[in-house]
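The next block holds one structure in the form of C-alpha cells; read it before the comments.
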Amino acid sequence: MISLLAVTGLRTGEALALDVADVDLDSALITVRGKYDRTRLVPLHPTTARMLRDYRARCDQLCPAPASPSFFLSATGTRPFPSAAHATFARLLARAGITRPRRSTTCTPPPNCLGLAAQRLHAHQAGGPCANAGMGAGDAPLGSQEES
C-alpha cells in the first residue's frame, strides 16, 4: 500500500477505502471516492498495476473468503485501520534508520507540506509535492535504487 501512496499521491484513508471493485487492473485505473461523494480516476503505471495484481493474488491465497470487500486486507481479512497503516509506516521508517526528514538548504517545502514542516513524515507524503522537499542535492528518493 505504501508504494501505491508514493506513486499516486493517494492519502492513507483513500487507499484503505478502496474496494476490489474500485481497482481495475486490466485498465490500470483506480476509482477513488473522496469527500462529499466526489470520485476521481487515478491511472496506474503498468509496474504499479502488476504489483497490485501480485498483492491481490497473494491475498486470495492467504484469505480466500475475506470478511470485507476491501482491496487491502488485514491479517484477519478485514479492512485495515488507518492507525495500523501509520504504525507500519513508522516501523518501516525506523527499520530504515529514518527518524525525521532533513531540511534542504536549497529547497523550501510548499505550504501544503505541514507534516514536513512539523518534522513528521506520513506515508502519503512519500509521493506528490512533498516527495523531495526534505532531500539535499544528490540524495535518492525513498524507495529508489541507484544504478551502477
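The values are calculated or read from the model by the stated rules, or taken from the named source; none is laboratory data. Worth saying up front: this structure is predicted, and the values here are computed from it rather than measured. When we count neighbours, we look across all protein chains shown, and the Cβ atoms used for this are built from the backbone with ideal geometry, even at glycine.
Phe71 meets each of the listed conditions (1) surrounded by fewer than 13 Cβ atoms within 10 Å (Cβ to Cβ); (2) in contact (Cβ under 8 Å) with a residue 24 or more places away in the chain; (3) touching a strand residue (DSSP E or B) at 6+ places or on another chain (Cβ under 9 Å) apart from (1). Restricting attention to the stretch 29-46, the residues being in a helix (DSSP H, G or I) and either among the aromatic types (Phe, Trp, Tyr) or surrounded by 10 or more Cβ atoms within 10 Å (Cβ to Cβ) (or both) number 1.
His124 fulfils the conditions (1) surrounded by 15 or more Cβ atoms within 10 Å (Cβ to Cβ); (2) farther than 21 Å from Val32 by Cβ; (3) at pLDDT below 90; (4) not aromatic (Phe, Trp, Tyr) except for a single criterion, (2). Taking each residue of the stretch 77-100 that is under 10 Å from Thr12 (Cβ atoms) and looking for partners that are surrounded by fewer than 13 Cβ atoms within 10 Å (Cβ to Cβ) with beta-carbon atoms closer than 8 Å, six or more apart or interchain, yields Pro82/Gly13. May I ask you to say which residue of Ala90, Ala84 is out of contact with any Lys or Arg (no Cβ under 6 Å at 6 or more places or on another chain) and over 30 Å from Asp26 (Cβ atoms)? Of Ala90, Ala84, the one residue that is out of contact with any Lys or Arg (no Cβ under 6 Å at 6 or more places or on another chain) and over 30 Å from Asp26 (Cβ atoms) is Ala90. Quick check on the stretch 24-34. Is at least one of its residues of a type in the set (Lys, Arg) and under 17 Å from Val7 (Cα atoms)? Looking through the stretch 24-34, none of the residues is of a type in the set (Lys, Arg) and under 17 Å from Val7 (Cα atoms). Candidates in the stretch 1-26 are the residues that are in contact with a Pro (Cβ under 9 Å, 6 or more places away or on another chain) and more than 21 Å from Ala67 (Cα to Cα); of these, the one that is surrounded by the fewest Cβ atoms within 10 Å (Cβ to Cβ) is Gly9. Here the stretch 36-80 is the region considered, the condition is being among the small types (Gly, Ala, Ser) and on the phi < 0 side of the Ramachandran plot, and the residue that is farthest from the chain's Cα centre (by Cα) is Ala65. Restricting attention to the stretch 2-14, the residues that are more than 16 Å from Arg50 (Cβ to Cβ) and without any contact (Cβ under 8 Å) to a residue 60 or more places away in the chain add up to 1.
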